[in-house]
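Participant: Shown below is the structure under consideration.
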Amino acid sequence: MSDLLQAVIHKYTNRDQLIQEGIWRGDIYGAVSGSTPKRLDRCTRGWIWRTLVLQSMEDTNNQTLNMKNVDLVPVPMVSVTSYSGTHLQENLPVKPVHEHGYHSRVNSLENPIRKLSQGIRKLTPKETYTHPLRQSNQHGSNTNRKDEHLGFDNLTENMEDMDDINDGMVLKDTLEIIDLDLSRLIIDDIFRDPRIHAEMRQIMFSYLVHLSLQRNPINSKSDLKDRKFYYKQGFHELLGMLFLQLYDPINNMASKSYMRNTLFIFERLMNQIEPTFYCEKSLIHWESTIFAQMLKVCAPKLYKLFYSKDSHGKLINKHSNMIWLIRWTRLLFMRELPRESVYIIWDHILTFTFPLKTLISSIIIMIILQLNDILLACNGGDDMDDLMEIMLHIKDQPNIINLNPVELCKVAGNLTEMWHLENYNDMKLMVDKYLNPIKRIDPHRKRMEDKLRLKVQQSLSR
């Protein structure tokens, strides 16, 4: 146990104190306005996340959660289609991977990870070869997708009609795409370890089983091989970030309690994230009813920039903001901010103090405000491509590198609270104050200036 963790445990005797004083007030980071927050080691942050979530046994529907109901599920055996060269041999015989009932990477972790460098076109689901908001082909067309344009120019105009409730994959395809995504998870070298790959695989599969049962509770007794699973790209990166902070092989190798803890926290987080930000219709609804409206209240000039209208009052590039909002929301800022800033924001998210729909919207607005001057230099309309380029590559901006995530979360939390109280004027005033802070004069300097001014007046009066 680190010295920092011992100090944290001694200082915060209950969960509410940790949330109110430690995280939202920023005491745990030793942070004051303008200072660099204290870095928390993995052991300390893992304890914080366990304390925040495992001691809170209510989900978004105020139903009691039981750790026994969020348990690890053994990964079933699946058959694997053979590959040759770079093209899938569809007519080759299918051979079982193993003779026992469950996959070897769960029960025999010494086995190496099967390489997935071939057959990627077969393994990769539609999220990677079409734009996430493009109308899915509901008739199973065999169009040659490798020649399909992958840019954002051909976004469909009837995106609001999309419904991804039927986008589930069968068991075999689900396990193979999980393997593919986990094999290219590069947020830390630990994920190259076959044991870690196996543990991540089982955690992810367990979550997908629970998600499938939530969506289709009537068929809860059906065989897993007959079920549909709702995996989407991004799940594995969120899980990886959680796993890194909770992984504890020294103290929990025998019980694998860190795997169950990771699953429970991941499931609690995804209960709020997945229905809103991984469902296209819900994401579009959130953008129009929450994010855009909050931006309009807080920063009218930026709102006009992102939601430019033509001479007839029609929105220009109606869904262009989705290009960057998808990545920001689904990965919870992993691609946009420095790693330590992301961790601090996640600390605040995992307190579940505010509904995540509005809190994440407030955080996005606060991040955008860091780029206020740069963005306002764009004229919108014809410069929409330049605007999107900025929003997709903010990580190298000095204001983003040097931002204070503790202060950012404080203001975002206040904006969220005001939004729910409908204090719109106060929201605008808070943002204006944030953009134009009152310069504080050093009191010692002020006394010296007053004395000097008095001497000048006395000399002039002689």
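The values are calculated or read from the model by the stated rules, or taken from the named source; none is laboratory data. In this text, all values refer to a predicted model and were calculated from it rather than measured experimentally. Note that each Cβ is placed from the backbone with ideal geometry, even for glycine, and that neighbours are counted across all protein chains shown. For accessibility, only protein heavy atoms count, side chains too; no ligands or nucleic acids. Shrake-Rupley method; radii C 1.70, N 1.55, O 1.52, S 1.80 Å.
Participant: Of the residues LEU403, LEU371, LEU408, which is over 27 Å from TRP49 (Cα atoms) and either out of contact with any Lys or Arg (no Cβ under 8 Å at 6 or more places or on another chain) or modelled with pLDDT of 95 or more (or both)?
Facilitator: After applying the criteria, what remains is LEU371.
Participant: Hey, can you tell me all the residues within the range 229-261 that are touching a strand residue (DSSP E or B) at 6+ places or on another chain (Cβ under 7 Å) and modelled with pLDDT under 90?
Facilitator: Scanning the range 229-261 gives no hits.
Participant: Same structure again: Test of understanding: among ASN414, ASN399, which residue is assigned to a helix (DSSP H, G or I), closer than 25 Å to MET241 by Cβ, free of Cβ contacts under 8 Å to residues at least 40 places away in the same chain and not aliphatic (A, V, I, L, M)?
Facilitator: Of ASN414, ASN399, the one residue that is assigned to a helix (DSSP H, G or I), closer than 25 Å to MET241 by Cβ, free of Cβ contacts under 8 Å to residues at least 40 places away in the same chain and not aliphatic (A, V, I, L, M) is ASN399.
Participant: Also, I was wondering about something else. For the range 38-65, which residues satisfy the criterion of being part of a loop (DSSP other than H, G, I, E, B) and modelled with pLDDT under 90?
Facilitator: LYS38, GLN55, SER56, MET57, ASP59, THR60, ASN61, ASN62, GLN63, LEU65
Participant: Go through (1) more than 19 Å from the chain's Cα centre (by Cα); (2) among the polar types (S, T, N, Q); (3) under 23 Å from THR289 (Cα atoms) one by one and return the number of the condition SER361 breaks.
Facilitator: Evaluating SER361 over (1) more than 19 Å from the chain's Cα centre (by Cα); (2) among the polar types (S, T, N, Q); (3) under 23 Å from THR289 (Cα atoms) leaves (1) as the failure.
Participant: Which of the residues that make up the range 213-228 are of a type in the set (A, V, I, L, M), open to solvent by less than 70 Å² (accessible area, probe 1.4 Å) and out of contact with any strand residue (DSSP E or B) (no Cβ under 9 Å at 6 or more places or on another chain)?
Facilitator: LEU213
Participant: Any residue that is without any contact (Cβ under 8 Å) to a residue 40 or more places away in the chain, open to solvent by 10 Å² or more (accessible area, probe 1.4 Å) and of a type outside the set (Ser, Thr, Tyr) - is there at least one of those in the range 195-212?
Facilitator: no
Participant: Right, another one. Kindly list the number of the only condition in (1) among the aromatic types (Phe, Trp, Tyr); (2) free of Cβ contacts under 8 Å to residues at least 60 places away in the same chain; (3) over 30 Å from CYS43 (Cβ atoms) that fails for TRP324.
Facilitator: Here TRP324 clears every test but (2).
Participant: Restrict the check to the range 262-281 and report whether at least one residue is of a type in the set (A, V, I, L, M), under 24 Å from LEU421 (Cβ atoms) and either in contact (Cβ under 8 Å) with a residue 60 or more places away in the chain or open to solvent by less than 10 Å² (accessible area, probe 1.4 Å) (or both).
Facilitator: no
Participant: In addition: In the range 171-226, how many residues are among the β-branched types (Val, Ile, Thr), within 19 Å of GLN245 (Cβ to Cβ) and in contact with a His (Cβ under 8 Å, 6 or more places away or on another chain)?
Facilitator: 0
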